[in-house]
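*Asks:* Structure incoming, see below.
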Ligand SMILES: Nc1ncnc2c1ncn2[C@@H]1O[C@H](COP(=O)(O)OP(=O)(O)O)[C@@H](O)[C@H]1O
Ligand SMILES: [Mg+2]
């Protein structure tokens, strides 16, 4: 297979693949023991798609998101983000891709407590020298997208958990990334608030043509996705998802793109 060093992916023309993982392996050395976490994982996610990655705790969901987000390097294999082969980039190039092509919403990512909601959203734009007025306008528009613009001038401690998640979501979109990575996005939230965040993520994929990938062990989150992939034995499989969730007695069907009901809100 032809794999460019960088530039356009061979698949990009057809359906605009935003993320491609090709035979990705990640091993960790633990003393004399080698922990093989990802063992030849393949994944393609297109713009406009919301994909859920499920799997038992320790199956490698976070490891995979870290690799796609450029926070970690695979032991072997190729990862293309927005057409760029990120496994071939130097540190400078990688940090540019992280700033411009990838948004991350990880559970342990906190808002900066000394800044207001809108200032938090502006932070990634500061790094890009976006002029103050444009920064403010863009940040306000993003807060509006996630329905928390009425709290723009509030400090993080004045916001509910759900509102803080919305602000973090707006911040992850600050530089208009093609790919949004979410690790257990509803982990800290109650059922209703979590559902609202997932609904927003789904709309960000559909209405803004982004690729949204969420790692989750929450069946309610997974059932909102266009596709559910199960990470098992170091590879992604799209069968047996039902079996994985049987224990929780939640009926999660594997939805194919285009069959899910369209959302009209937001
Ligand atoms: N930096 C690391 N060093 C050693 N082992 C790691 C490291 N990161 C993850 N692991 C191991 O990889 C496995 C997968 O972890 P993780 O990706 O966090 O799983 P999940 O997110 O699905 O719960 C676990 O066994 C974990 O202990
Ligand atoms: Mg994890």
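Let's see how each residue does on (1) free of Cβ contacts under 8 Å to residues at least 60 places away in the same chain; (2) touching a helix residue (DSSP H, G or I) at 6+ places or on another chain (Cβ under 7 Å); (3) surrounded by fewer than 19 Cβ atoms within 10 Å (Cβ to Cβ); (4) on the phi > 0 side of the Ramachandran plot:
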| position | (1), (2), (3), (4) |
| --- | --- |
| 59 | no, no, no, no |
| 72 | yes, yes, yes, no |
| 82 | no, no, no, yes |
| 100 | no, no, yes, no |
| 124 | yes, yes, no, no |
| 129 | yes, no, yes, yes |
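*Asks:* Any idea how many residues of the stretch 183-210 are within 24 Å of residue 81 (Cβ to Cβ) and away from ligand 2 (no atom under 16 Å from the Cβ)?
*Replies:* 13
*Asks:* Mind listing whichever residues of the stretch 160-176 are in a loop (DSSP other than H, G, I, E, B) and closer than 17 Å to residue 129 by Cα? If you could, list the steps in order and put the result at the bottom.
*Replies:* In the first step, residues of the stretch 160-176 are kept if they are in a loop (DSSP other than H, G, I, E, B); the result is 160, 173-176.
If the condition is that a residue be in a loop (DSSP other than H, G, I, E, B) and closer than 17 Å to residue 129 by Cα, then 173, 174, 175, 176 are the ones that fit.
*Asks:* If you don't mind, there's one more thing I want to ask. Using beta carbons and a limit of 8 Å, which pairs, at least six apart or on different chains, have the first residue in the stretch 30-51 and closer than 29 Å to residue 199 by Cβ and the second one within 10 Å of ligand 1 (Cβ to nearest atom) and in a strand (DSSP E or B)?
*Replies:* Listed by first residue and then by second, the contacts come to 41/231.
*Asks:* I'm trying to understand the selection: among the residues of the stretch 61-70, which are near ligand 2 (Cβ under 9 Å from one of its atoms) and touching a residue at least 40 places away in the same chain (Cβ under 8 Å)?
*Replies:* 61, 62, 65
*Asks:* I'd like to verify a number: residues in the stretch 102-115 that are part of a loop (DSSP other than H, G, I, E, B) and either modelled with pLDDT under 90 or surrounded by 19 or more Cβ atoms within 10 Å (Cβ to Cβ) (or both), how many? Steps first, please.
*Replies:* Residues of the stretch 102-115 part of a loop (DSSP other than H, G, I, E, B): 107-115.
Those left that are additionally either modelled with pLDDT under 90 or surrounded by 19 or more Cβ atoms within 10 Å (Cβ to Cβ) (or both): 107-111.
Counting residues in the stretch 102-115 that are part of a loop (DSSP other than H, G, I, E, B) and either modelled with pLDDT under 90 or surrounded by 19 or more Cβ atoms within 10 Å (Cβ to Cβ) (or both) gives 5.
*Asks:* Among the residues of the stretch 23-60, which ones are in a loop (DSSP other than H, G, I, E, B), over 13 Å from the mean Cα position of the chain (by Cα) and away from ligand 2 (no atom under 14 Å from the Cβ)?
*Replies:* 31, 32 - these are the residues of the stretch 23-60 that are in a loop (DSSP other than H, G, I, E, B), over 13 Å from the mean Cα position of the chain (by Cα) and away from ligand 2 (no atom under 14 Å from the Cβ).
*Asks:* I'd like to know if the stretch 159-177 contains one or more residues that are modelled with pLDDT of 90 or more and within 16 Å of ligand 2 (Cβ to nearest atom).
*Replies:* Checking the stretch 159-177: not a single residue is modelled with pLDDT of 90 or more and within 16 Å of ligand 2 (Cβ to nearest atom).
*Asks:* Another question, then. Looking at (1) part of a loop (DSSP other than H, G, I, E, B); (2) at pLDDT 90 or above; (3) crowded, with 20+ Cβ neighbours inside 10 Å, which is the only condition residue 180 fails?
*Replies:* (1)
*Asks:* Continuing with this model, one more query. Tell me which residues, restricted to the stretch 118-147, are farther than 14 Å from residue 172 by Cβ and assigned to a helix (DSSP H, G or I).
*Replies:* Correct list: 118, 119, 126, 132, 133, 134, 135, 136, 137, 140, 141, 144.
*Asks:* Please enumerate the residues belonging to the stretch 61-101 that are within 17 Å of residue 180 (Cβ to Cβ), over 13 Å from the mean Cα position of the chain (by Cα) and assigned to a helix (DSSP H, G or I).
*Replies:* 86, 97, 99, 100
*Asks:* Determine which single condition residue 27 fails, assuming it passes every other condition in (1) modelled with pLDDT of 95 or more; (2) closer than 29 Å to residue 201 by Cα.
*Replies:* (2)
The values are calculated or read from the model by the stated rules, or taken from the named source; none is laboratory data. What you see is a predicted model, and the numbers here were worked out from it, not measured in a lab. Cβ coordinates were reconstructed from backbone atoms using ideal geometry, including for glycine residues, and neighbour counts include every protein chain displayed.
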